[in-house]
Every structure is written in structure tokens, then in C-alpha cells.
Amino acid sequence: MKTENSKILEQLGKDPGFKVPENFFNDFNAKLIDSLPEVKITEEEKPTLWVRVRPFIYMAAMFAGVWLMMNIFSLGKSSATGEQRAANISAGVTVEKNADDLIDYGAISDYDIMTYEDSVEMEIANDRLQ
Amino acid sequence: MATRVKYDEASIIEQLHKQETCRTAFGRVIEHYSEQLYWHIRRLVIDHDDANDVLQNTFIKAWTNIDNFRGDAKLSTWLYKIAINESITFINKKKVQNNISLDEDDSFLVNSLEADKYFDGDEAQVKLQKAIATLPEKQRLVFNMRYYDEMKYEEMSEILGTSVGALKASYHHALKKIETFFENND
């Protein structure tokens, strides 16, 4: 502070010369406290345990719901496949149908088919020769 | 012998927000802040009786608005803000009563200072009060808070809503103007 103040202020000091009546602050405080009007305070309600944990429970319920739906969906899908399989068997789906499916869904390449056909032809030729 | 309980602002603020404890807590606030707020107001309004009225209005206003004080700012910052607003409102009312333009400085407040029974300063101190009263409102506030209250610029910044840099500049300008006043009135 010393460096930022001017010489004049340093000479004058910090007492401005103001005074108050004797015991002023004690009297003022007591009088004012007695004369304070009534006020209504809106007290902040403390949140209950339920209010505090509610968001977490909602979130957990949401995740559980999603998990349950996913499970039901995949179970439904797998059981449909099982039923389909049973139906196929009972309908007497041939080995050719399954082979066609494999070809259609790309599990067997053209080369595999050609190799298979060659081996079958070779077997038939061998059978005939015998 | 009654023991004096230590003033703990956090606990006082908590008590201020409860209906059954708020009055006692505010009593503690009055006891804690009345003197420092009085001197701050007195340096603005100069006269003791006026400072007494403004201080009373400050606390009444704070009390009636206590429900709006959420404790985001320091209690002292909030009270200083109210005290400054009340002081400025009071000075402006006094200007209107004395047919003085609101644009004029506050030097009229110092005119009767020497006759005030609650002033025992010498001629140089009267001169300093006159010099301070000629300052623009903001510079006057900054000067009083920095020079007499030795308040930190950061705290002043919160109360006055002005940047620290601007406050430093205001204080510097105030000092220059006071020096010039003394040079011109030798």
C-alpha cells in the first residue's frame, strides 16, 4: 500500500477524524435486533433417500429393460430356428436342399462343388468298372 | 460470565435459512458487521446521523431479503453491496432535497463537516474529505475501500462488479485527482 499512495496521504494518515457517540455500536446493535420485523423463511427441504437414489434406480431399470428385451428377442430368434429345423425334418427336407442353402449363403465355393462333382464321377466310374 | 461464541460464517448462513434460528443468527451478523459497515457508510455520507440511518436501512433491507441470500457469495460482499446502494440512494435523495443536480459531485456533504460534533479532524483532514467528495462515484468508492478499508482488489471486484484492472486504474486516477486538489488548494 505504501508504494501506491501519495506523500500527501502518507502525511495525513488513515484516521479521517470521524467519531461516534459513546457505546454507539452496542446500543445500535441491541436496538436494531429488537426492532427487526417478522420474516418468513422458505426452508429448503432435505431430499429424502428415495429422491436421492431415484435417478440411479430409474437408470438401472432402463438397462435391465434393454437387457431383457434383447434376451427375449434373441431367445425368440433361436427358438424359431429350432422350430424351423424340426419342421424341415418333418417335411423331409433333402440333403440337396441343405446343400443349396449352403451354396446360396456362400459357405461353399464353386471350386468346392467342382471338386465334389469330380470325386462323385470318379466314384461312379470306379463302381462301373468293378 | 457470558462466553462469546466464535463467529463462524458457514454455520451462521445455515442458521439464517432456518425459521427458528434466523433471528438469532442475524443478530450475530449485525454484531459482527455493524462497525465495519458503519465506517464504510460514514465515509460516503460523512454525517454521523445519516450514517446511522443508512446503516439501519442496510440491515433492515438485508433482513427482509434474507430468504433471497443463498450463500453463493460471501455475506460481507452481499452486505457491502446493499450498504453501497443504500448510501448512493441516500446521497441522491439528499441532493434532490437540496436542489443539487444528480450529476454534480458530492462535495456538498462536506460543507458542514467542521460543525459536526462527531468530527474532530484538523484542517488537512477536512481538505482530504473535500478532495474525496469531488471524485466521481466509482472512484470515491474504490478509494475509500482501498485506502481506508485496505480491501483487496479481488474482493472489491466482487462487490462492485468491476474488473481488478479497472479498479486499479480507478484508484490510480483517484490518487492523482486528490494530489491535484491539494496542489490547487494550497
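Computed quantities for the displayed model
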| read-out | value |
| --- | --- |
| Given (1) surrounded by 17 or more Cβ atoms within 10 Å (Cβ to Cβ); (2) touching a Ser or Thr at 6+ places or on another chain (Cβ under 7 Å); (3) among the polar types (S, T, N, Q), index of the condition B:Gln129 fails | (2) |
| Candidates B:Asn99, B:Asn92 - the one that is assigned to a loop (DSSP other than H, G, I, E, B), more than 10 Å from every other protein chain (Cβ to nearest Cβ) and more than 24 Å from A:Asp15 (Cα to Cα) | B:Asn99 |
| Counted residues, region A:12-42 - those being more than 8 Å from every other protein chain (Cβ to nearest Cβ) and on the phi > 0 side of the Ramachandran plot | 2 |
| Test: A:Ser6 is facing chain B (nearest Cβ under 7 Å) and of a type in the set (S, T, N, Q) | yes |
| Odd one out for B:Asp72, checked against (1) within 14 Å of chain A (Cβ to nearest Cβ); (2) under 20 Å from the mean Cα position of the chain (by Cα); (3) over 30 Å from A:Ser6 (Cβ atoms); (4) of a type outside the set (Val, Ile, Thr) | (2) |
| Total residues in region B:132-147, condition away from chain A (no Cβ under 14 Å) and crowded, with 19+ Cβ neighbours inside 10 Å | 2 |
| Close pairs from region B:88-108: first without any contact (Cβ under 8 Å) to a residue 12 or more places away in the chain, partner of a type in the set (Val, Ile, Thr), Cβ under 9 Å, at least 6 apart | B:Thr89/B:Val54; B:Leu102/B:Val96 |
| Every residue from region B:47-87 that is touching a residue at least 40 places away in the same chain (Cβ under 8 Å) and among the β-branched types (Val, Ile, Thr) | B:Ile66, B:Thr77, B:Ile84 |
| Out of B:Glu14, B:Glu9, sole residue that is touching a residue at least 40 places away in the same chain (Cβ under 8 Å), more than 10 Å from chain A (Cβ to nearest Cβ) and either closer than 18 Å to B:Ile91 by Cα or not β-branched (Val, Ile, Thr) (or both) | B:Glu9 |
| Test: residue in region B:23-34 that is closer than 27 Å to B:Phe119 by Cα, of a type in the set (S, T, N, Q) and surrounded by 14 or more Cβ atoms within 10 Å (Cβ to Cβ) | yes |
| Which numbered condition A:Lys19 fails, given (1) within 29 Å of B:Lys117 (Cβ to Cβ); (2) of a type outside the set (A, V, I, L, M); (3) exposed (fewer than 14 other Cβ atoms within 10 Å of the Cβ) | (3) |
| For B:Asn65: the one exception among (1) surrounded by 15 or more Cβ atoms within 10 Å (Cβ to Cβ); (2) at the interface with another protein chain (Cβ under 10 Å from one of its Cβ atoms) | (1) |
| B:Ala10 vs. criteria among the hydrophobic types (A, V, I, L, M, F, W, C), buried (at least 17 other Cβ atoms within 10 Å of the Cβ) and over 25 Å from B:Asp120 (Cα atoms) | no |
| Residue among B:Glu183, B:Glu150 that is within 11 Å of chain A (Cβ to nearest Cβ), out of contact with any Pro (no Cβ under 8 Å at 6 or more places or on another chain), part of a loop (DSSP other than H, G, I, E, B) and surrounded by fewer than 14 Cβ atoms within 10 Å (Cβ to Cβ) | B:Glu150 |
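Here is a yes/no grid of residues against (1) outside any helix (DSSP H, G or I); (2) within 13 Å of chain A (Cβ to nearest Cβ); (3) surrounded by 15 or more Cβ atoms within 10 Å (Cβ to Cβ):
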{"site": "B:Asp103", "(1), (2), (3)": "yes, no, no"}
{"site": "B:Glu158", "(1), (2), (3)": "no, no, yes"}
{"site": "B:Leu167", "(1), (2), (3)": "no, yes, yes"}
{"site": "B:Glu179", "(1), (2), (3)": "no, yes, yes"}
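Every number in this text was worked out from the coordinates using simple rules, so none of it is lab data. This is a predicted model, so every value here is computed, not measured. All Cβ positions, even for glycine, are placed from backbone atoms using ideal geometry, and neighbour counts span all protein chains on display.
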